[in-house]
Every structure is written in structure tokens, then in C-alpha cells.
Amino acid sequence: MVEDNEPTRMVRRPLDPAYPVREPEVKGPEPKGRSKVYGKPRKGTSPVRMFSGGNEPKAQEGPRKPRRIGRNIAIGVAVFLSLVLIGVTALFFSVQGKMNNVDAFTDYDGRPAETPGQDWLLVGSDSRAGLTAAERKKLRTGSAVGRRTDTMMLLHIPDGDGRPTLVSLPRDSYVPIPGNGNGKLNAAYAFGGPKLLTQTVEQVTGIRIDHYMEIGFGGFVGIVDAVGGVEICPKQAIKDPKAALNIKKGCQIMDGGTALGYVRTRKTGAIPDFDRTQRQREFFSAVVKKAASPGTLINPFTAVPLANSAAESVAVDPSTGPFNLLSLGLAMKNNPVTTAVPIGSLPTIDGQSVVKWDTTRANQLFEALEADKPVPKSAIEKG
């Protein structure tokens, strides 16, 4: 029997020779100023802080506030740009679906080859489509049926960052019309519509047309009103009851109706049609520049009405879409060169007053555009 006060003896099992016991390693005293962190020597003499799992309060929170503000701004900008992108995409498909297409090109023997840059044929017709009887009366457009070309311009947009060139093609230009002999340029439209007009312009200029755009009276008024009017600076007061026009000299904002009268009137200039083509180029440049300005494009109250009005009022060839129209507008902001085909003489042929081109200077003009080079000053028609 073992006494209760006798200490318990531990029976030690014999050691297995296969598993020798390692003698404890004897180390010298720990160097002063050193301590162990997780079993390893720690450098430095600062006191060890307890592990806080990342929740230990920071001594200074101030410097992080600008970073947080910047992050919030970045998030806000990203959200805004996303909404803009969604809106632009939706507007693109909406405009694409509303655009009016017209067949304006045809393949024929001898058609000019493709040339550098983009070449547009811009046509303003006297179509009254879209105007009510009251609007036709107010704008003094008359009630003629059908449509005829009232304005024709050739726009060349060069590759790179060169200046575009906008050339008026007088509607009374005496030119060969395929299959119809010689006649006034606007007769080509009457004989064969956009296809024959485009072919006539290509053959007489030697330039292949890439895009075709046509707009009638009603569409012209709608687009000008959609951008909030356009500032024009007439050099003289003009009063023309036939065009419903009564304006003063000097800079002024013109609405759609006034603008239409301004480009149609024949009450100015020694040769009314030449003065008229100059006003047409002036107004086209002004309205396209304003339509493509940031103030118009990023403002939904102007961008959406403008896009819808343009889609419903403008007729383009099937290969021309909203982005092509936008590129046209942006190009026109680059201070375009504006001119007309150089005029040689104004004879009367078969009882009609016609315009004959100065062949030498006209060829200089068209050859420069065909080669995507600046038009020589000698080929620029003054006025």
C-alpha cells in the first residue's frame, strides 16, 4: 500500500534506439535591445505592437479624404459617360431607322475611279413636302408639285487635317447631260432624278461622288429651327415679298423661315443667281458648324430635335449614315474654302440664259480636288 503523502513516481519507458533524443541547444544570452517576433529575431529597437488584424485606428485620416473625393468624382464621371454612351447609341439607332434613303449612284462605263478624301454632292430641292398649306403661304413657297434642284454644291473633305472645299455648281451651268444632249445642270435632275444628276456631275468634273444628300424647303426650315437659328451678317438690307423676306443690314439670328427666304431671294447683286449661290454657301457653312458644335451636340434639348429633324428631312444614299453626317459637320468646322465654278460667259442658247464655265480654271479646280490638293488661288472664284 502506498502512502498518500508519497509522491507519485513516473515510470519512464525505455528509449527506443531508433529514435534518439536530441539534446537541447544551449544558446547564449539574448542581445540587448532585440526581441523575437513570431519566433524570429526582429530588427530595430521600437516596441512591438500587438497584431490588430488591420483594424487598428490610423493616427492620421486627413490625407485620405482628397483620395476619396477623387474616387467619387471618377465614379461620377464614369457613370455620366456611360449614360451618354447609352443615350448616343439609342439616338444613333433611332436616327438610322428614320433616315430616308434614295438611290443616287449607278455604275456606267467611264465612271471616274475612287479618289482620296470624301466628295459629297449636296442638293437643295424646291420640294414642299412636309409643309402645310398655312406654312407654304407664310413662307411664300408656292404650291408647285414635284421637286426641282434649287441648289447644288460639291463638298470635298480631304484626308488628314486640310481644309474642306465647298463649290457651288450654278444650276444654269450649260453641260452635257448623258442621253439628253447639252442643257442646264438642273435639267439632269428633272430628266433622271438623283442618279442622272450624280452621273452628270461626275462626268463633267471628273470626280467620283462618295455621298449624296438632298433636302427640301420643309427640311431646311426644320433643321435651322432645331439648332435655335443661325447668325448671319447680311451686307445690305433686303426686302423681297416673293420670298417672305424683310431683313436689315448687319449680324442677326435668322430662324428657319427667314433663312429660307435669305437663300432663295434674287433681289441682290448684278447677277442674282451668283449672289444667291454665295449666300447658300454662307448659310450652309453656318448651319452645319452650329449643328456640329459641342453646345448643340451635348445638349439633349437641341441634339435630339436636330437628329430627328435631320433624319426625317434629309434624303441620303444608302451608304451614308448618321456618323457620315456627323463627320461632315465636324469637317465644316475647319474653316472651309468656299467658291463657285469659275465662270467664262453668260450666253443665251435656244432662248435660255445659261452659264458657261471657264474651262481652264474649272479644270484647275477639279484636278486639285481629284488629287486631294489645295485649290490654286487662280481657280478660286471671288465674291
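The values are calculated or read from the model by the stated rules, or taken from the named source; none is laboratory data. Fair warning: this is a prediction, and the values are worked out from it, not measured in the lab. Positions of Cβ are generated from backbone atoms using ideal geometry, with glycine treated the same way; all protein chains shown enter the neighbour counts.
For ALA311, indicate whether it is assigned to a helix (DSSP H, G or I), touching a residue at least 60 places away in the same chain (Cβ under 8 Å) and surrounded by fewer than 21 Cβ atoms within 10 Å (Cβ to Cβ). Yes: the conditions hold for ALA311. Here is a list: PRO294, PRO241. Which entry is free of Cβ contacts under 8 Å to residues at least 60 places away in the same chain and surrounded by fewer than 19 Cβ atoms within 10 Å (Cβ to Cβ)? Matching residue, one of PRO294, PRO241: PRO294.
Quick one: which strands (runs of 3 or more DSSP E) sit completely within the stretch 205-253 and have at least 1 residues that are charged (D, E, K, R)?
Values: elements: 211-215, 230-232, 238-240, 245-247.
Once the strands (runs of 3 or more DSSP E) in the stretch 205-253 are filtered for at least 1 residues that are charged (D, E, K, R), what remains is 211-215, 230-232, 238-240.
Applying the condition of being in a helix (DSSP H, G or I) and touching a Lys or Arg at 6+ places or on another chain (Cβ under 9 Å) to the stretch 360-376 and asking which residue is surrounded by the fewest Cβ atoms within 10 Å (Cβ to Cβ) yields GLU367.
Take the residues in the stretch 242-264 that are modelled with pLDDT under 85 and in contact with a Lys or Arg (Cβ under 7 Å, 6 or more places away or on another chain); name whichever of them is farthest from PRO305 (Cα to Cα). In this case the residue turns out to be LYS242.
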